[in-house]
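The values are calculated or read from the model by the stated rules, or taken from the named source; none is laboratory data. Only a predicted model underlies this, so the values are computations on that prediction, with no experimental measurement involved. Virtual Cβ from ideal backbone geometry, glycine too; neighbours counted across all protein chains shown. Side chains included, ligands, DNA and RNA excluded: accessible areas come from the protein's heavy atoms. Shrake-Rupley method; radii C 1.70, N 1.55, O 1.52, S 1.80 Å.
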Amino acid sequence: MVRPTARARLALLQTALVLTAGAALTGLTYLLMRRRALFTYLDPTGSDPPEVKDLHAVVDRVQADTLSALLPQAALALVVVTALAAVLSWAVAGRVLRPIRAISAAARRLSAENLTERVPVTTPADELSALAGTVNDMLDRIQRGIAERDRILDSQRLFTANAAHELRTPLTTARAAIDVTLDGHPSRAELLAMAGDVRDAVEHMQRVLNGLLLLARSQAGLAARQPADLTAIAAAALDAVHARAAAADVTVRPRLRPAPVTGEPVLLERMIGNLVDNAIRYNRAGGHLAVDTDTAGGRAVLRISNSGRQIPPDEAETLLEPFVHGQGTRVRTHGLGLGLTIVRAITLAHQGRIAVTARPGGGLDITIDLPRDPTADRPTR
């Protein structure tokens, strides 16, 4: 059984209402005319002369003829009015439902590859324009979600390719060392050298895997939040690298003010630890490392700047990408190229922001701001 369209149902409903109202009006008119005639010509005394009785007979015939003519004429008028109402109802229903048809047509044209089109919003503002606005807001969210999905997938593909390369290189080194050493009759010294090469390759792969696991953990979000202070974490990180900084002839300039936050302390410790480690690793003899913590604008701010080699300003942000060590390259160094990538992931997991700027004299200036702990200023009982 074919179900009529919404336009047809609406037109039928309006036509039925007009037909019912017209029929009721016709019946009421008929009854009122008949009742008025009875009340007008009824003589309560019953003593009318013959002339009056003849006049009553004439009036009765006129009344009967009038009522007889009323019904077919009213029925004809009702048919004409109903037909006109049907036509007008169809036109009005089409006009009222036009925005819904536009919304439906736009939804049919949309696909996962084309989310740029939007439903036209009618004026003045009514329920249909509100529906169109709601659909457009939904399409905006879908488009942003798909764009974010594509960005994440592209990033994951690039990350997987880089990770595979980083793991393949030490495996190739270990395999070559084993093949070269075992090709013949190796001496004890050659076997020990091969074992050292294999151990170095295994340690490198272990560091890569540990970095990948930490990166995956930070990207998965925070399971729970605890109060923490960037000042205490930064102070502990500087104490841990004090000997390394002295050996590398790097001057440490701490300026630590309270910077309370909420988050996962282990990840925050790794975030600041990676920043301090990179600031010393890629510094120069006689250089410096400045670590500042403070609050500004309701945010906890951590700033780490260091001296070092010159970095082009337009390549500073690329250091946040995995396995990049500077100048867009993936050179082999003591680092893995995951330090700043992990820092960015931890920052984003804490709803923070990170900015990396190349210093004119060499080195980097890294600023991280996180939401400040709102309970830090509450008095304790």
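I need a count of the residues in region 254-313 that are within 14 Å of Asp365 (Cβ to Cβ) and in a helix (DSSP H, G or I).
Here the count works out to 4.
Just checking, which of Ser155, Ser129 is among the hydroxyl-bearing types (Ser, Thr, Tyr), surrounded by 12 or more Cβ atoms within 10 Å (Cβ to Cβ) and modelled with pLDDT of 75 or more? So that I can check it myself, show each step before the final result.
Working: Ser155 fails: modelled with pLDDT of 75 or more.
Criteria check complete, one pass: Ser129.
Quickly run through region 273-307 and pick out the residues that are under 29 Å from the mean Cα position of the chain (by Cα) and open to solvent by less than 10 Å² (accessible area, probe 1.4 Å).
Scanning region 273-307 gives Ala300, Leu302.
From the set of residues in region 368-380 that are in contact with a Ser or Thr (Cβ under 8 Å, 6 or more places away or on another chain) and modelled with pLDDT of 90 or more, which is nearest to Thr295 (Cα to Cα)?
For region 368-380, the residue satisfying everything is Arg372.
Kindly check whether there is at least one residue in region 109-123 that is assigned to a helix (DSSP H, G or I), open to solvent by less than 50 Å² (accessible area, probe 1.4 Å) and of a type outside the set (Val, Ile, Thr). Break it down into steps so the answer makes sense when it comes.
The initial filter retains those residues of region 109-123 that are assigned to a helix (DSSP H, G or I), namely 109.
From what's left, open to solvent by less than 50 Å² (accessible area, probe 1.4 Å): none.
No: zero hits.
Restricting to region 212-251, give me the number of residues that are open to solvent by 30 Å² or more (accessible area, probe 1.4 Å), at pLDDT 75 or above and either assigned to a loop (DSSP other than H, G, I, E, B) or touching a Cys at 6+ places or on another chain (Cβ under 6 Å) (or both).
3
Only residues in region 288-317 that are under 16 Å from Ala355 (Cβ atoms) and of a type in the set (A, V, I, L, M, F, W, C) count as the first member; pair them with residues that are modelled with pLDDT under 90 and open to solvent by 20 Å² or more (accessible area, probe 1.4 Å), Cβ under 8 angstrom, at least 6 apart or cross-chain, and list the lot.
Pairs that qualify, where the first residue is under 16 Å from Ala355 (Cβ atoms) and of a type in the set (A, V, I, L, M, F, W, C) and the partner is modelled with pLDDT under 90 and open to solvent by 20 Å² or more (accessible area, probe 1.4 Å), are Ile311/Gln327.
Looking at Pro265, Pro254, which is the one that is open to solvent by 50 Å² or more (accessible area, probe 1.4 Å) and either closer than 21 Å to Arg303 by Cα or at pLDDT 90 or above (or both)?
Values: Pro265 fails: open to solvent by 50 Å² or more (accessible area, probe 1.4 Å).
The match here is Pro254.
Check Gly287 against each of (1) within 29 Å of Ile311 (Cβ to Cβ); (2) modelled with pLDDT under 90; (3) not hydrophobic (A, V, I, L, M, F, W, C) and name the one condition it does not meet.
All conditions are met except number (2).
If Gln14 meets every condition in (1) modelled with pLDDT under 80; (2) open to solvent by less than 90 Å² (accessible area, probe 1.4 Å) apart from one, which number is that one?
(1)
Give me a count of the residues in region 80-106 that are closer than 19 Å to Val135 by Cβ and either of a type in the set (D, E, K, R) or open to solvent by 60 Å² or more (accessible area, probe 1.4 Å) (or both). Break it down stepwise before answering.
First, pick out the residues of region 80-106 that are closer than 19 Å to Val135 by Cβ: 96-106.
Narrowing further to those that are either of a type in the set (D, E, K, R) or open to solvent by 60 Å² or more (accessible area, probe 1.4 Å) (or both): 96, 98, 100-101.
The number of residues fulfilling the criteria is 4.
Could you list, in sequence order, all residues of region 328-354 that are at positive phi and at pLDDT below 80? Walk me through how you get there before you give the answer.
As a first pass, look at region 328-354 and keep what is at positive phi: 328, 337, 351.
Those that are at positive phi and at pLDDT below 80: Gly328, Gly337.
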